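Q: Once you've had a glance at the structure underneath, I'll fire off some questions.
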Amino acid sequence: MTDMTASVPWYRTLNRTQWNTLLASNLGWVFDGFEAYALILTVGVALRQLLDPSQHAQIPAYAGAIIATTLVGWGIGGMLAGVLADYIGRKRTMILAILTYSIMTGLSAFAWDWISFAVLRFLVGLAVGSEWVTGTSITAELWPDKARGKGVGLFQCGFGIGFFIASLVWLFVGATGPGAWRTMYLIGALPALLTFWIRRSIPESPLWEESNERRRAAQERKRGGEESMHDRSLTRLTFIELFADPEIRRRAIIAFLMATSSAVGFWGISSWIPPYIGSIAAKSGLAAPQWASFTGMTYNAGSIIGYVGFGFLADAFGRKPTTLLFFALSLILTPALFLLTSDLYLLLLIAAVLGIFASGQFTWMSAWLPELFPTKLRATAVGFVFNGPRFLAAIGTLVSGWMIVEFGGYANACMIVATIYILALVVAPFLPETRGKPLPE
């Protein structure tokens, strides 16, 4: 029987509920990706309309501030959602997150100055980080141990698909006039419809339900004056429990440092790749917005390959070696993009390859993090590690925007930011390998 099971392709071992859960999580992350990349593509155009002409020379600095504001909201919302998902469930928190970011994205279309735009972007960020936490947790908890890396890789690729769709839509919408950026945000309100399907088509995580029952039973014993040390661990606020156990605390800190490398590297470098290549196109007399769209589509095509590929490689060779490989190649390929050539077509090719590793590396958090923490605080831990670094990434985005203005270009600023990948390469070896192992109870 074991031999027969081993000979069955991995995708035939999954049931409809597991596929539906992946689809729901993936679609939520697709729309998050669309919304996030719509900001990268449109922030300059929006600020040109929202700022006084005398401030246009400072648009990169203002753009950095807007993106940073979004990331701060992302960090706060994602960490709060992690705690919420451990208490009210993965499914309920996912539905709430999708509804919130859909509404806030639509309202962004009605911003009247850069401050109102920043406030609305902050509110969008609150919900975007929330969706990833729930999608990662519920996919990891419902998919089998041997295929979990593949499942979360397929989930994570939704962000790249959303980026690609945003680039494709902007290619057409961007040419419709100065109000095109508002149209992009109105389109971003459509994901609210997804919540109706999620309510009917996916279950709550059984692992969470079991953990929640244990928590409730411990709370009952506590009220009856029969609390044990184990009960105290179950009833303690999950965010406090994350730092109470020495081993869990150690894993959380190491993972936080790695996630900081991923977040700062992405938002401090990848955010500027489309405008960088667009600026080179403009010097050749070509249309910068169109080339920025081409760059976005190319980069994110590579990202999709990287997101999925990471999951398959992590299941085949392990979480640790795959993660180290992706960080190392992100560090190596960044100077290749910014220093090697000014040929537009070669730049597009390098951007695609960089996308495989600089964006694809994010799958390490979907694949590795859920396997490091017990169910009772899994979403809290995943939310903290994934979203906490957004505060540092926000600072990195502000600094990189400032450096672009001060240094007169994108290359030097992005090269400095790329050194953050060294941090991950140093600390990642200290986490345990978890490939193929059951999730901690």
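Conditions tested, residue by residue: (1) modelled with pLDDT of 85 or more; (2) touching a strand residue (DSSP E or B) at 6+ places or on another chain (Cβ under 7 Å); (3) more than 22 Å from I356 (Cβ to Cβ).
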| site | (1), (2), (3) |
| --- | --- |
| G160 | no, no, no |
| F164 | no, no, no |
| L168 | no, no, no |
| G177 | no, no, yes |
| R182 | yes, no, yes |
| G188 | no, no, yes |
| A192 | no, no, yes |
| W197 | no, no, yes |
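Q: In addition: Can A166 be described as farther than 30 Å from L47 by Cβ and of a type in the set (A, V, I, L, M, F, W, C)?
A: no
Q: Every residue in the range 187-213 that is surrounded by fewer than 16 Cβ atoms within 10 Å (Cβ to Cβ) and assigned to a helix (DSSP H, G or I), please.
A: The answer is L190, L193, F196, W197, R199, R200, S201, P206, E209, E210, E213.
Q: Can I ask one more? Select from the range 8-46 the residues that are over 24 Å from G174 (Cβ atoms) and within 19 Å of the chain's Cα centre (by Cα) and write down the one among them that is surrounded by the fewest Cβ atoms within 10 Å (Cβ to Cβ).
A: L23
Q: Go through the range 65-86 and report how many residues are within 17 Å of A393 (Cβ to Cβ) and either over 18 Å from the mean Cα position of the chain (by Cα) or charged (D, E, K, R) (or both).
A: 1
Q: For L423, state whether it is within 27 Å of W272 (Cα to Cα) and either crowded, with 24+ Cβ neighbours inside 10 Å or modelled with pLDDT of 90 or more (or both).
A: yes
Q: Restricting the search to the range 104-123, which residues are in contact with a Gly (Cβ under 7 Å, 6 or more places away or on another chain) and β-branched (V, I, T)?
A: The answer is T105, and nothing else.
Q: Ok, one more. Does W272 satisfy the condition of being buried (at least 24 other Cβ atoms within 10 Å of the Cβ) and at negative phi?
A: Considered against the rule, which asks whether it is buried (at least 24 other Cβ atoms within 10 Å of the Cβ) and at negative phi, W272 comes out as yes.
Q: Please determine whether any residue of the range 144-161 is within 22 Å of the chain's Cα centre (by Cα) and not in a helix (DSSP H, G or I).
A: No.
Q: Next question, about the same structure. Checking T42 against (1) modelled with pLDDT under 85; (2) within 28 Å of W19 (Cβ to Cβ); (3) out of contact with any Asp or Glu (no Cβ under 6 Å at 6 or more places or on another chain): exactly one of these is not met. Which one?
A: (2) is the only condition that T42 fails.
Q: Residues L107, L41, L71: which one is out of contact with any strand residue (DSSP E or B) (no Cβ under 7 Å at 6 or more places or on another chain), hydrophobic (A, V, I, L, M, F, W, C), closer than 25 Å to F196 by Cβ and part of a helix (DSSP H, G or I)?
A: Every option except L107 fails the conditions.
The values are calculated or read from the model by the stated rules, or taken from the named source; none is laboratory data. Because the structure is a prediction, the values reported are computed rather than measured. Every residue, glycine among them, receives a Cβ derived from its backbone with ideal geometry; neighbour counts consider all protein chains shown.
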